[in-house]
Amino acid sequence: MLRKDSVYILKCRRIKENTLLVTVFSRIYGRYSFITQKGKDLSTSEAIQPFNLCMLQLYQARGLPILKELSVEEEFSPKSNLTNQLAALYIISVLAQITPEDLPLPESFDAVTKIIKKLESISLKKTDIQTVKDFFLKVLLNELGVEGDRDLHEKAEAYFQKQLWKLNMENLE
């Protein structure tokens, strides 16, 4: 079975020499993963970068879907300041960590689209990052029906801090 989907790339990791596990966020299907099985190295591909908006064609067989074709609809290129990059990292962290798999979240997808367009057009100030985080979490948690759940707020923030720490450690090396 073949399916098409427009998605934001959240993360990618190599699981074999020529196989990548890619996690995406879709308006129709929510968060899900698929695998690539190509003869070339896709990890350096421009297309498989966080927050690129891509059109996918996937084969659905047993297990994870397999990528047939991928094309970039919009390449994510935030204003090159650290605050914009941190806002994008926060959203990726939250989507990857607290959204259930295979649960459509169209309002959250639309919120991500709105935030990405902002991050590409303006330079946020340090004080703006909390506003972006609050706006996104409010939309997401409301759509999940758990808007007052402090545990999810804390889980999202903890995961973001962990990703930020890893990023800092990579930059020190």
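Here the condition is being in contact with a Pro (Cβ under 7 Å, 6 or more places away or on another chain) and among the hydrophobic types (A, V, I, L, M, F, W, C); of Ala111, Ala88, it holds for Ala88 alone. Output the residues belonging to segment 112-127 that are modelled with pLDDT of 80 or more and either outside any helix (DSSP H, G or I) or in contact with a helix residue (DSSP H, G or I) (Cβ under 7 Å, 6 or more places away or on another chain) (or both). Residues satisfying the conditions are Val112, Ile115, Leu119, Ile122, Ser123, Leu124, Lys125.
Candidates are the residues of segment 78-110 that are modelled with pLDDT of 80 or more and outside any helix (DSSP H, G or I); the one that is surrounded by the most Cβ atoms within 10 Å (Cβ to Cβ) is Leu105.
The values are calculated or read from the model by the stated rules, or taken from the named source; none is laboratory data. Everything quoted here is computed from the prediction, not taken from an experiment. Backbone-built Cβ (ideal geometry, glycine too); neighbour counts: all protein chains shown.
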